[in-house]
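Student: Starting off with a structure, shown below.
The values are calculated or read from the model by the stated rules, or taken from the named source; none is laboratory data. Just so you know, these numbers come straight off a predicted model, no measurement behind them. Don't worry about glycine lacking a Cβ; one is built from the backbone with ideal geometry, like all the others, and counts go over all protein chains shown.
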Amino acid sequence: MNRRLLPLWLSLSACVEAGQARVEVPLFLAGTQLEAPLMTVGDVEVQLDRADLAFGPLYLCAGATAGELCDTARLEWLDAAVVDTLAPDAVQVGALTGVSGPVRSWMYDLGISSQLTRDEPFVLDAAAALGGASFVVEGRAEVGGAQLSFRASVPVRQTGDTELGVPVIRKSAAQRFEHELLAGERGLLLRFDARAWLQGVDLRPYAGQTEVTLAPDSEAYRSLRNALFVSGRPLFEWDFVP
């Protein structure tokens, strides 16, 4: 609990505001089944065989702007789990805990969390299960008339350009998000779609190769990492019942 964010358990130890109730909302994660190959840069068709994401922790805030301004989360889930983003079935991974009231923003990490008391980000079990990565993808594509198998293992963590102790992925100012959290909330489902992360990847420089692991200094790797930061945000489905 060494975040800049005020720990929710500490805020809950005080009196709950009038009209509020302590809540526990089951959290479900799911992917999206791809019925057809996805199209990447240069009209290269890609068939994904694996797209595993380390997701969490997750915070939902009362204010419209997440980040350091979210002094106290309305809801939080401090764990992390591996999501098969190609599997559409919802899987319960735990529960969000907090208090009732409006939520207007969110922020999360991808299995690697920054803490103010540590020099290096902390790798949670979900990312450790992926070899220290936030996202592992494997797939096949036809490039230059030949079959190419590719793989990438991408960690998403705080850098010198981001705030320490605060999750790196947050609701954008343009994204509309608002929900009135009630005591009887039955569940929250977050659904991920890997297509948004892969569609900007250019595999054409690997024409002539049969197998490649995308290197961190490659344009394809950088495109994938940037997409994990800025696109492919999950869809939130409230009052979810499996």
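Student: For segment 47-55, check the following and say yes or no: at least one residue is out of contact with any His (no Cβ under 8 Å at 6 or more places or on another chain), more than 24 Å from residue 92 (Cβ to Cβ) and not acidic (Asp, Glu).
Tutor: Within segment 47-55, one or more residues are out of contact with any His (no Cβ under 8 Å at 6 or more places or on another chain), more than 24 Å from residue 92 (Cβ to Cβ) and not acidic (Asp, Glu).
Student: Could you please find all residues in segment 188-219 being in contact with a helix residue (DSSP H, G or I) (Cβ under 9 Å, 6 or more places away or on another chain) and not hydrophobic (A, V, I, L, M, F, W, C)?
Tutor: 199, 200, 202, 205, 206, 216, 218, 219
Student: Let me spell it out: the conditions are (1) within 17 Å of the chain's Cα centre (by Cα); (2) outside any strand (DSSP E or B); (3) modelled with pLDDT of 80 or more, and residue 107 meets all of them except one. Which number is the exception?
Tutor: Evaluating residue 107 over (1) within 17 Å of the chain's Cα centre (by Cα); (2) outside any strand (DSSP E or B); (3) modelled with pLDDT of 80 or more leaves (2) as the failure.
Student: Now a separate question. Residues that are of a type in the set (Val, Ile, Thr) and buried (at least 16 other Cβ atoms within 10 Å of the Cβ): find the strands (runs of 3 or more DSSP E) completely inside segment 176-242 holding 1 or more of those.
Tutor: Of the strands (runs of 3 or more DSSP E) lying wholly inside segment 176-242, those with at least 1 residues that are of a type in the set (Val, Ile, Thr) and buried (at least 16 other Cβ atoms within 10 Å of the Cβ) span 211-213.
Student: Pick from 82, 93, 103: which is in contact (Cβ under 8 Å) with a residue 12 or more places away in the chain, touching a Lys or Arg at 6+ places or on another chain (Cβ under 6 Å) and under 25 Å from residue 28 (Cβ atoms)?
Tutor: When all the criteria are applied, what remains is 103.
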